[in-house]
Structures are given as C-alpha cells and as structure tokens.
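Chemist: Could you have a look at this structure, given as structure tokens, before my questions?
The values are calculated or read from the model by the stated rules, or taken from the named source; none is laboratory data. Bear in mind the structure is a predicted one, so any value in this text is a computation, not a measurement. Positions of Cβ are generated from backbone atoms using ideal geometry, with glycine treated the same way; all protein chains shown enter the neighbour counts.
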Amino acid sequence: AKHAGRDRVIIFDQAMESLLDEYQKLEDDLRSSVDEDLIDISFQPILSTDGTTLESLEVLGRWFHPKLGLISPERFIPIAENARLIRRYTLSVLKKSCMVAKMEFGVFPDLRLSVNISVQEMLETHFLDDLHAILLETDFPPHLLNLEVTESLLAKNESELSQVMQDCCKLGIKFHIDDFGTGYSSLARLHALPIDALKIDKAFVKRIDQGGETLIKAVIEMAHGLNMKVVCEGVETLEQAQCIAQLGGDYIQGYFYAKPMATSELSMWLFAFTH
Ligand code: C2E
Ligand code: CA
Ligand code: CA
Ligand code: CA
C-alpha cells in the first residue's frame, strides 16, 4: 500500500506520455497534409428560410487521415492553431474553394462563399494582403465572399480589429459572426463593427424541440434592430424550420435542406436547385 501512490503516478505519467505522443504524431501528420495540400473541402448550402434562394455555400475542411480515417475539423483546427499551421491551412482552403467556384460552379456567377477564419489569424500582419492576393489570383470577386469568425473575436483589440474589418469591407467582403450565443459579446461592440449577419449555434436550434426558442427570438430581434441578418445552423426538422420562419429568421443551414457535399455532389445539387 505504501507504493500505491508512486505506482499511480508512474501509470499517470505513462498515460500522459502516450497521449502527448499521439498528439505530436497527429500534429506531424497534419503538418505534412497541409504542406502537401491534401486537406479536402466540402460545401454546405445556406438558404433563405423558405428554402427558395441560396445565400452562400459554407466551406468546411475535411481531413482524411491515411490510417485514422476522417478526422473532424473540430479536432484538427485547434491542432492547426496550436502548431501555427492555421494560416497556411486557411489560405489553401480559400484558394481551393475560389478555384472550385470559378471552374466547377462558373455557370452560377453570383454564387457566394462563406469561409471560416480562425480568430487568431485575423489580427496577424498581412492577413488582408494574403487574402486579397488569392482573390486576385483566382479571379474571385471579393463581394461574393463572407468571412465567418467566432464570437470570441469581438473580445480582441478594438481599434486594430475594427481597422482590418473596415479594410475588408472596402473590398466588399462581408462578416458573419459564427456560433453566436455561445460566448459573451457586448451590444456596443456588435454595433461598432461592420457585421452583416449573426449565425446562431445549433445548440440553440436544438432547444426549439423543448419549446426553448426565447434566445433565438431575442437574437433575431436584436440583430434586425442593428440591421443584421440571422442564420440559424443545425436545422434538421420541418418543425425547427417553421419555428425559425415564424420568428423571422433570415437564413437556414442544416440537414433539413442540405448536408455538406463534395464538389461533384454539389454540382448536381446546384443543378437540381436551379431547375
Ligand atoms: P461551424 O462553423 O459551426 O460549422 C457547422 C458544423 O455543423 C459543420 O460541422 C457542419 O457539418 C455541421 N452541421 C451542419 N448542418 C448540421 C445539422 O443539421 N445537424 C448537425 N448535427 N450538424 C450540422 P463540421 O464540418 O464538422 O465543422 C465543425 C467546425 O469546425 C465548424 O463549425 C468550424 O468551427 C470548424 N471548421 C470547419 N472547417 C473549418 C475551416 O476551414 N477553418 C476553420 N477555422 N474552422 C473550420
Ligand atoms: Ca462556420
Ligand atoms: Ca457555425
Ligand atoms: Ca457551430
């Protein structure tokens, strides 16, 4: 019994070590996948609440690990952020999606893209220059681009952030605040920044099923008061869609209308949608 404590520490150490090894291995694999440009993208349509018009396609990263299979972006994005790979990753996703939009979906000239931007990269130097260079290179019109940034961004350095956002806006780029409702943001900040839409997290949409639509209702009223649109994500059922329509929500994203799709599948979806 005297040694039990020490044994436990040793077992704990070993467990920690193998976890760290595993993490390190995953980080190395991610680095080479980013370097070799092996990370794929899928697209998920965002539609008007009545399902008749397309607002944009959200671009979602897809990493097929040679041994572990599909790894969720919820897992690999934080690793990319920690390993300082996120900037290269984002630029490659942006370039890929602009090229696909131009080359595969070129028959739909007004097609918008929504690209996820990690909070930490928004304030890095050259963020806008890099972004602009890709838009020029791929000949993708900046006014057809939405950038999705999470609510935690609003807590960052006020003047610097506001400057970057204003510069993006001058190019015609729009901002959507992702996972709205999961963090804390002051009304004043929301009002001071050039934000086009708030995206309500799917956790809140789920609550509709238990009659908990108070938060969605409040966000829609506030957003409209500030001249912003509202996107509800994770909408899976007709009941949820009807509730959002009744509350005046502008756009819907979710399995109810469309799942994330690979390029070829999306081509067919777009064709069916427009015919
Ligand atoms: P998010 O931006 O909130 O994206 C929406 C997530 O909800 C996506 O998961 C999407 O597949 C999923 N989803 C869509 N409709 C439904 C639905 O009806 N029901 C349910 N249960 N889920 C639905 P995904 O693709 O696994 O992405 C997870 C998160 O990873 C994203 O959440 C985003 O925060 C992050 N992410 C994905 N791609 C990128 C990227 O290229 N860059 C950055 N920075 N983050 C990314
Ligand atoms: Ca998003
Ligand atoms: Ca979201
Ligand atoms: Ca979310």
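Chemist: Considering only the range 42-75, state which residues are surrounded by 14 or more Cβ atoms within 10 Å (Cβ to Cβ), more than 16 Å from ligand 3 (Cβ to nearest atom) and hydroxyl-bearing (Ser, Thr, Tyr).
Modeler: Within the range 42-75, SER48, THR49 qualify.
Chemist: Continuing with this model, one more query. Suppose the filter is free of Cβ contacts under 8 Å to residues at least 40 places away in the same chain and touching a Ser or Thr at 6+ places or on another chain (Cβ under 7 Å); does PHE256 pass it?
Modeler: yes
Chemist: Considering only strands (runs of 3 or more DSSP E) fully contained in the range 27-90, which possess at least 1 residues that are at pLDDT 95 or above and in contact with a His (Cβ under 6 Å, 6 or more places away or on another chain)?
Modeler: Per the criteria, 69-71.
Chemist: Looking only at residues that are more than 10 Å from ligand 1 (Cβ to nearest atom) and β-branched (Val, Ile, Thr) in the range 97-121, which one is farthest from the chain's Cα centre (by Cα)?
Modeler: Once the filter is applied, the top-ranked residue is VAL107.
Chemist: Which of the residues spanning the range 160-191 are more than 20 Å from the chain's Cα centre (by Cα) and over 20 Å from LEU128 (Cα atoms)?
Modeler: Within the range 160-191, SER186, LEU187, ALA188, ARG189, HIS191 qualify.
Chemist: Out of the range 207-250, which residues are surrounded by fewer than 18 Cβ atoms within 10 Å (Cβ to Cβ), within 16 Å of ligand 4 (Cβ to nearest atom) and over 19 Å from the mean Cα position of the chain (by Cα)?
Modeler: ARG207, LEU215
Chemist: What's the total number of residues in the range 168-203 that are within 16 Å of ligand 2 (Cβ to nearest atom), basic (Lys, Arg) and under 17 Å from SER152 (Cβ atoms)?
Modeler: 1
Chemist: For the range 146-174, which positions are within 16 Å of ligand 1 (Cβ to nearest atom), among the basic types (Lys, Arg) and either more than 11 Å from MET122 (Cα to Cα) or part of a strand (DSSP E or B) (or both)?
Modeler: LYS174
Chemist: May I ask you to say which residue of ALA197, ALA192, ALA218, ALA223 is away from ligand 1 (no atom under 16 Å from the Cβ) and touching a strand residue (DSSP E or B) at 6+ places or on another chain (Cβ under 6 Å)?
Modeler: ALA223
Chemist: Another question, then. Would you mind finding the one in VAL100, VAL149, VAL34 that is within 20 Å of ALA262 (Cα to Cα) and either within 16 Å of ligand 4 (Cβ to nearest atom) or out of contact with any Leu (no Cβ under 7 Å at 6 or more places or on another chain) (or both)? Step through it out loud before you land on a result.
Modeler: Values: VAL149 fails: within 20 Å of ALA262 (Cα to Cα); VAL34 fails: either within 16 Å of ligand 4 (Cβ to nearest atom) or out of contact with any Leu (no Cβ under 7 Å at 6 or more places or on another chain) (or both).
After applying the criteria, what remains is VAL100.
Chemist: Follow-up. What residue, among those in the range 255-275 that are among the small types (Gly, Ala, Ser) and in contact with a strand residue (DSSP E or B) (Cβ under 6 Å, 6 or more places away or on another chain), is farthest from GLN210 (Cα to Cα)?
Modeler: Top of the filtered list is ALA262.
Chemist: Go through the residues of the range 96-108 one by one and say whether even a single one is surrounded by fewer than 20 Cβ atoms within 10 Å (Cβ to Cβ) and over 16 Å from PHE43 (Cβ atoms).
Modeler: So far as the range 96-108 goes, no, none of its residues is surrounded by fewer than 20 Cβ atoms within 10 Å (Cβ to Cβ) and over 16 Å from PHE43 (Cβ atoms).
Chemist: Do you know which of the residues in the range 119-155 that are in contact with an Asp or Glu (Cβ under 7 Å, 6 or more places away or on another chain) and surrounded by fewer than 18 Cβ atoms within 10 Å (Cβ to Cβ) is nearest to ILE77 (Cα to Cα)?
Modeler: If we take residues in the range 119-155 being in contact with an Asp or Glu (Cβ under 7 Å, 6 or more places away or on another chain) and surrounded by fewer than 18 Cβ atoms within 10 Å (Cβ to Cβ), then GLN120 is nearest to ILE77 (Cα to Cα).
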